[in-house]
Amino acid sequence: MSSAPTAPPQRLLLGSGPSPVPREVLDALALPTIGHMDPAFAAIMEEVATGLRATFATVNRATLPISGTGSAGMDALVSNFVEPGDRVVCGVHGLFGERMADQLARAGADVVRVEADWGRAIEVERLIEAARDGLDAMVVVHGETSTGVAQPLDGLADACREHDALLMIDCVTSLSGHPLALDDAGVDAAFSGTQKCLNVPPGLAPFTAGERALAKLRARRSVVRSWYFDLGLVLSYWNGDGGRAYHHTAPINLVYALREALRLVHDEGLEARWARHAQAHDTLVGDLRERGFERLAPEGEQLASLLCVRVPDGLDEAAARKRLLLEHDIEVSGGLGPLAGQVWRIGLMGAGARGDARGRLLSALDAVLA
Ligand SMILES: Cc1ncc(COP(=O)(O)O)c(C=O)c1O
């Protein structure tokens with residue numbers, strides 16, 4: 001290796017994540033590292049848990065950042081709340097629903113897939129119908145990053161509660177960027193990721209679990225297979241009443257950064273933040289339509305924080321994205337799976353959902369399209 005210091009380029013991150021990291025959050029990463037059992041760190045952990053509760057709109061005491069990216073949150077959810085033989089209804093309308101179904105099958109669940117075309121939400125009636133024959137849990141992806149679709153949750157909690165089953169969601173791309181109030185929606189457990197609308201570098205998975213989920217955890221027939229993600233053990237550190245027990249060494253500086261990001265969410269206000277994302281999304285839809293790009297999601301099914309658009313016929317989308325990145329330092333993402341080569345996925349996440357980001361994107365795009 002060379003002896004020059006690490007020097008990544010400055011990019012404007014308007015893809016599917018990571019998202020732009022504000023200066024305050026970057027500065028927090030560079031604060032002095034202290035010990036994970038230091039009482040001063042415990043005070044920061046408390047603030048992070050409080051900020052996450054506000055952002056999830058929950059009163060769940062078991063609210064914490066799992067160490068690891070969003071996928072670690074998915075692993076923690078499935079490892080703790082799903083047992084071999086459980087009947088789990090899983091919504092699949094994109095890549096992340098597929099991943100969830102895969103995780104559930106690996107955990108030995110009897111997976112009942114309820115599918116919709118990529119680019120559409122799943123009709124809640126079909127999920128409710130699938131619950132009629134009995135279930136232990138239902139899992140849906142609230143913000144499907146592969147398609148830019150938001151999944152409605154109406155009626156799902158009631159359908160689950162009729163069978164004493166858990167409702168669980170992936171809100172990696174929606175948390176703080178698209179309206180979501182977990183307790184109002186009756187969600188029992190959820191996970192997210194820090195590198196989307198919270199604008200923290202990847203590495204933590206905000207996670208929350210309510211009393212019904214914790215009761216299921218206590219009543220498990222089998223031990224939680226994962227030691228690292230065993231919530232009972234992890235919570236003895238995060239929620240240790242009368243003393244925190246060491247489980248694993250928390251990623252201290254990432255936790256500082258998350259605290260800083262949650263402070264920014266708090267200062268802006270959650271509802272104002274949702275409204276800002278919706279506004280940025282609507283404006284960009286109009287801008288892009290004028291340039292021949294059409295949104296994939298129909299009106300009413302769009303995810304505010306991720307705009308997925310069909311690229312105009314005849315545009316070499318991969319070459320255009322490459323020019324945006326290399327000539328203009330702007331990252332947008334291409335399509336995944338069946339949408340590869342057909343769509344762009346533009347992240348409007350936190351600091352990326354602002355007018356200055358929109359202005360830079362449009363002038364670069366116009367230069368590339370010309
Ligand atoms: C909806 C959704 N779920 C899960 C994940 C996995 O998160 P990570 O890549 O941080 O592990 C992502 C990442 O993009 C996502 O968008």
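Just so it is clear, none of the values below were taken in a lab; they were calculated from the coordinates. Just so you know, these numbers come straight off a predicted model, no measurement behind them. When we count neighbours, we look across all protein chains shown, and the Cβ atoms used for this are built from the backbone with ideal geometry, even at glycine.
Results, tabulated for the structure shown:
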| quantity | calculated |
| --- | --- |
| Amide H contacts of ALA62 (H built 1.01 Å from N, under 5 Å, at least 5 apart or other chain) | ALA209 |
| Dipole of segment 56-162 [Lys/Arg +1, Asp/Glu -1 at C-beta], most positive-end residue of VAL82, PRO65, ALA109 | PRO65 |
| Taking the C-alpha atoms of the chain, convex hull volume expressed per residue in Å³ | 145 |
| Neighbour net charge for ASP170 - beta-carbon separation under 11 angstrom, K R +1, D E -1 | 0 |
| Residue of THR33, THR194, THR58 that the Gaussian network model of the chain assigns the largest fluctuation, springs spanning Cα pairs under 10 Å | THR33 |
| Along the chain, longest interval not containing exposed trypsin sites (Lys or Arg not before Pro), exposed being DSSP loop plus at most 11 other Cβ atoms within 10 Å | 222-370 |
| Calculated FRET efficiency for the pair THR6/ALA245, C-beta based, R₀ 35 Å, to 0.05 | 0.45 |
| Net length gained if the chain between ALA30 and GLU162 were fully extended (0.36 nm per residue, minus Cα distance) | 42.6 nm |
| Test item: Cα-centred dipole of segment 1-95, Lys/Arg +1 and Asp/Glu -1 on Cβ, debye | 260 |
